[in-house]
Amino acid sequence: MSGKPAFYITTPIYYVNDNPHIGHAYTTLACDVMARFMRLDGHDVMFLTGTDEHGQKVEKAAREAGLDPRAFCDKVSKNFRILAKEWNFSNDDFIRTTEPRHVRSVQALWRRLEEAGEIYLDHYEGWYAVRDEAFYAEDELGEGPDGRKLAPSGAPVEWVKEPSYFFRLSAWRDRLLDLYDSRPGFIMPETRRNEVRSFVAGGLRDLSISRTSFSWGVPVPGDPGHVMYVWIDALTNYITAAGYPDEDGGDFRRRWPALHMVGKDILRFHAVYWPAFLMAAGIEVPRRVFAHGWWTSEGRKISKSLGNVIVPSEIVARYGLDQVRYTLMREVNFGNDGDFSHRGTVRRCNHDLANDYGNLAQRVLSMIARNCGGRAPRPGDLNDGDRELLDGAYGLLPATREHIAVQAFHLMLQAIWGVVGDANRYVDEQAPWALRKTDPARMETVLYVLAETLRVLALLTQPVMPESSSRLLDQLAVPESERQFDRLNADHALRPGADLPEPTGVFPRYRDEEQGAA
Ligand code: ME8
């Protein structure tokens, strides 16, 4: 067993009623960046994603596709695996709720809750939205233009009346409030925490956790006429993948608890139901639930009917993978809503990547190739300006760590780009091309300082842009074994005189034929 601190991060498991779109890619990307950062920073990371395959919504989608639910799930789940490959996601596991390991786990959790007296059999009568897989109270509903009742999400609801097992959620109100109050970082961002807190403070109803009117789900232990409510099934995936129900053997105690990254639409399930289930079963609650914002496309809600669904593989083909990864992580303050637009993406590709970062690298590496015989420059004594740039670069590790610890991906990138800007100003001020004739020794020092700054930058951009950063590090002859964050200091600085390969550009400009480059 490794002595490194463990870190476990999860994406929601996605419904297989639909193919992956930008929203799914976004959540998983945020987790991937976090997982990559923590791995590079010496943690023993587990990063989980997967698919949510049971319930009425999936059963209905399968029927509409003319397929048996299992065959349908196999087919769509595969598309999420393909997405993970296409987007270079580094997930360590991919869970499907139809797998035997999960069925065993969720039945074990159910039994645990039953033994603890947290489950009772009764009748459910009320509103249900299949699209949300959620129960709603009368006072939560609105009305559509045709007078039909709608859930707050806009999903149609239907009246359901059937026998059902219930979880004693109402009894957990005060303990949930204590949890939110004693651990302010449990739900983030803070505005979302306040929303959840007031929802819970308003009182909780017991939760219906089984259904009898369809069969595509995990059978309730001892009463197979019922299948479990899809959310108790789905949420349990997070402990299944950590090894539950083997709590004492295996990795469970080391892995669990996790940081759950979710969209704001499913915060209530993660921040209310899930910790209540866990506390009731005597299992530790998650480390944190972070709810990020919602993407629109060119200012409009993304929906199939508007025909503006953003297909992850299409934007990658158009702008480049690392370009899209960077744009999504930079364009929006993580936690807020954002708009994905062609203009915005081109601006990020051309301005931040091609001009600022790419051009810096290209200028420095090609000056080194031309003027230092293809070797890393040999520095003389450093002056204050040289040291200032390098100190700024080395200071990025503590700064980015702080941002990552609160999932502020945009601030992490802003901090890194602060040093990119400093380095560009330094090149202009120092004008190494002029020093070539007047003071070649000083030119070598300046180019060395820049190359070392680039090494630091390329190490730090790895979590967001793994492929491009790796190409930059190759051009600086940094071996794969020296790309961990413990190398982000002067003790591991670029070796003067090291052979460097021929430089090539890493961030091409995006040229828009119709609209001209932005
Ligand atoms: O809710 N902007 O699955 P789901 C940002 N199976 N993120 C978006 C988005 C958008 N426009 N659209 C979707 C489920 N997402 C359940 C989860 S977990 C135990 C079970 C992302 O396929 C966001 O993360 O409907 C949202 O929470 C998730 O996709 C919903 O995926």
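The values are calculated or read from the model by the stated rules, or taken from the named source; none is laboratory data. The shown structure was predicted, so the numbers you read here are calculated from the model rather than taken from an experiment. As a convention, Cβ positions derive from the backbone with ideal geometry for all residues, glycine included, and neighbour counts pool all protein chains shown.
Numbers for the structure displayed
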item: Any hit, region 110-124, residues being part of a helix (DSSP H, G or I), buried (at least 20 other Cβ atoms within 10 Å of the Cβ) and under 30 Å from the mean Cα position of the chain (by Cα); result: yes
item: From I95, I9, I13, residue being within 14 Å of the ligand (Cβ to nearest atom) and either in contact with a Leu (Cβ under 6 Å, 6 or more places away or on another chain) or polar (S, T, N, Q) (or both); result: I9
item: Residue in region 394-410 that is on the phi > 0 side of the Ramachandran plot and either touching a residue at least 60 places away in the same chain (Cβ under 8 Å) or surrounded by fewer than 17 Cβ atoms within 10 Å (Cβ to Cβ) (or both) present; result: yes
item: First in region 21-32 and closer than 14 Å to T51 by Cα and at pLDDT 95 or above, second anywhere and part of a helix (DSSP H, G or I) and among the aliphatic types (A, V, I, L, M), Cβ under 8 Å, 6 or more apart; result: H24/L83; A25/L83; A25/L328; T28/L83; T28/A84
item: Test: residue in region 102-109 that is outside any helix (DSSP H, G or I) and surrounded by fewer than 20 Cβ atoms within 10 Å (Cβ to Cβ); result: no
item: Residues satisfying the stated conditions in region 61-76, i.e. under 20 Å from E99 (Cα atoms), charged (D, E, K, R) and part of a helix (DSSP H, G or I); result: R70, D74, K75
item: Residue, nearest to the ligand (Cβ to nearest atom), within region 208-231, restricted to residues that are aromatic (F, W, Y) and at pLDDT 95 or above; result: W231
item: Qualifying residue in region 25-45 (condition: assigned to a helix (DSSP H, G or I) and over 28 Å from L457 (Cβ atoms)); result: no
item: Listing of strands (runs of 3 or more DSSP E) fully contained in region 155-268 that carry 1 or more residues being free of Cβ contacts under 8 Å to residues at least 60 places away in the same chain; result: 158-167, 223-228
item: Residue check for A61: surrounded by fewer than 21 Cβ atoms within 10 Å (Cβ to Cβ), more than 26 Å from E402 (Cα to Cα), among the hydrophobic types (A, V, I, L, M, F, W, C) and touching a helix residue (DSSP H, G or I) at 6+ places or on another chain (Cβ under 6 Å); result: no
item: Subset of region 252-267 (residues that are within 11 Å of the ligand (Cβ to nearest atom) and either among the small types (G, A, S) or within 17 Å of L207 (Cβ to Cβ) (or both)); result: G263, I266, L267
item: Failed item, numbered, when L67 is tested on (1) of a type in the set (A, V, I, L, M); (2) more than 25 Å from T345 (Cα to Cα); (3) touching a residue at least 40 places away in the same chain (Cβ under 8 Å); result: (3)
item: Qualifying position, being surrounded by fewer than 20 Cβ atoms within 10 Å (Cβ to Cβ), more than 8 Å from the ligand (Cβ to nearest atom) and within 16 Å of L169 (Cα to Cα), among G249, G282; result: G282
item: Complete set of residues in region 16-49 that are within 15 Å of the ligand (Cβ to nearest atom) and either over 22 Å from L413 (Cα atoms) or of a type in the set (D, E, K, R) (or both); result: V16, N17, D18, N19, P20, H21, D32, L48, T49
item: Of the criteria (1) within 16 Å of the ligand (Cβ to nearest atom); (2) among the polar types (S, T, N, Q); (3) within 18 Å of K85 (Cβ to Cβ), which one S313 fails; result: (1)
item: Among (1) aliphatic (A, V, I, L, M); (2) surrounded by 24 or more Cβ atoms within 10 Å (Cβ to Cβ); (3) more than 7 Å from the ligand (Cβ to nearest atom), the one test that A234 misses; result: (3)
item: Flag if N308 is polar (S, T, N, Q) and either over 25 Å from L83 (Cβ atoms) or modelled with pLDDT of 95 or more (or both); result: no
item: Scan of region 353-373 for residues that are among the polar types (S, T, N, Q), more than 22 Å from L328 (Cα to Cα) and surrounded by fewer than 17 Cβ atoms within 10 Å (Cβ to Cβ), ordered by number; result: S366
